[in-house]
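The values are calculated or read from the model by the stated rules, or taken from the named source; none is laboratory data. What you are looking at is a predicted structure, and each value in this text was computed from that prediction instead of being measured. Please note: Cβ atoms are built from the backbone with ideal geometry, for glycine as well, and neighbour counts cover all protein chains shown. Ligands, DNA and RNA are stripped out before the accessible areas are found, and what is left, the full protein with its side chains, is counted by its heavy atoms. Shrake-Rupley method; radii C 1.70, N 1.55, O 1.52, S 1.80 Å.
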Amino acid sequence: MDKIDTNGTIDVHAYLDESRVSAMDLDYLANKNNISTIVVSPACTKNHEPDKHPAMYWIQRLILKTTGLRALAGWISRSFYDGDGELRPVWRLFTRDSKDLIKVMHPENDDLLQKISPYKARLKMWYWLNPSDHADFNALEELFANEQIFGIKIHAYWHNVDLGSIGEYVQFCKKMNCPLYVILGYGRAGDVSSLIKLCDGVNVILGYGAFPMFSQAWKKICSLDNFYIDLTSFHLDRSLIRKAFRILGPEKCIFGTDCPYNFYDEVGSFSYDKTFERIYFDFLKPADYDRVLRANVKRISRS
């Protein structure tokens with residue numbers, strides 16, 4: 001792709017879903033596409049995570065873009081999963097092949113760290129914590145001596161986390177001088193104001209473009225030096241990415257993909273080219289893309 005200088009790009013959000021890719025595959029993808037670093041999370045689901053139908057993403061984005069319908073989105077979201085974290089049968093109709101989807105409630109960080117350890121040059125990881133597991137911060141501090149651990153991740157939507165209650169995790173990030181990656185949810189799990197109050201002195205990336213809050217969150221963080229969004233996944237289409245660039249500016253936007261999901265080439269393999277195409281806009285300059293693809297992440301990384 002010749003419109004953007006993508007050499008040395010940092011992909012701030014991918015997954016090691018071994019039903020699709022291995023750590024070796026991710027390292028190969030990084031090398032093939034001149035990606036300097038892929039920051040990987042443990043798999044979100046048990047077994048094979050099915051792709052959501054494009055229509056599901058389109059309907060979801062339409063609802064979230066329409067102010068009067070956002071409350072409906074929260075109600076629909078609460079109906080997705082049963083008490084065991086399994087996608088209800090009616091919603092399986094909106095996944096490819098109607099496969100089941102079962103949430104991982106206790107992320108397998110240590111397993112991920114072991115599997116990426118041979119690929120120190122290109123693979124790092126988010127240490128994804130479910131606050132209900134009550135982390136041992138002394139043990140965690142010892143683990144963070146490993147520079148392949150990039151920072152802490154909290155998936156407030158996945159684990160229904162009250163963002164006003166994560167102060168000890170924020171303080172740990174402050175102590176370790178590492179970023180905090182947060183995927184917002186609905187209700188208290190999407191309480192950006194509480195998160196802002198807690199995170200003074202800590203760099204925060206709001207995942208999936210601050211889904212599901214989007215512009216509501218952008219307006220709250222646009223004047224803050226320590227808050228960013230990433231441009232990860234089909235939760236964002238080009239119109240939302242354009243709007244994010246206009247409201248926040250490229251200095252607050254960070255490249256991410258959701259690899260190995262969604263962005264497939266003609267033979268069904270994950271395509272970095274397709275992820276770069278969706279963020280290209282004529283009004284952005286080479287220096288802007290340097291920020292989005294590299295500089296913003298380097299500024300907030302541990303190293």
- Message: Quick check on segment 208-225. Is at least one of its residues in contact with an Asp or Glu (Cβ under 8 Å, 6 or more places away or on another chain), at positive phi and outside any helix (DSSP H, G or I)?
- Response: no
- Please specify each residue of segment 251-290 satisfying the condition of being open to solvent by less than 20 Å² (accessible area, probe 1.4 Å), within 23 Å of W126 (Cα to Cα) and either among the β-branched types (V, I, T) or in a helix (DSSP H, G or I) (or both). K252, I254, T257, Y272, T275, F276
- Among the residues of segment 1-52, count how many are within 14 Å of the chain's Cα centre (by Cα) and at pLDDT 95 or above. 12
- Message: Looking at segment 172-206 only, could you name the residues that are within 25 Å of N138 (Cα to Cα) and in contact (Cβ under 8 Å) with a residue 60 or more places away in the chain?
- Response: M176, N177, C178, P179, Y181, N203, I205
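Conditions tested, residue by residue: (1) surrounded by fewer than 18 Cβ atoms within 10 Å (Cβ to Cβ); (2) modelled with pLDDT of 65 or more.
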| site | (1), (2) |
| --- | --- |
| R88 | yes, no |
| H106 | yes, yes |
| Q114 | yes, yes |
| W128 | no, yes |
| E142 | yes, yes |
- Of the residues that sit in segment 163-199 and are in a loop (DSSP other than H, G, I, E, B) and over 22 Å from K298 (Cβ atoms), which one is modelled with the lowest pLDDT? Y186
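Suppose we keep only residues that are among the basic types (K, R) and within 27 Å of R242 (Cβ to Cβ) within segment 172-220. Which one would you say is most open to solvent (accessible area, probe 1.4 Å)?
Taking segment 172-220 first, the residues among the basic types (K, R) are 174-175, 188, 197, 219-220.
After this cut, where a residue has to be within 27 Å of R242 (Cβ to Cβ) as well, the list is 219-220.
Working: K219: 142, K220: 99 Å².
Per the stated criteria, the residue is K219.
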- Task: Please specify each residue of segment 227-250 satisfying the condition of being surrounded by 22 or more Cβ atoms within 10 Å (Cβ to Cβ) and among the acidic types (D, E).
- Result: D230
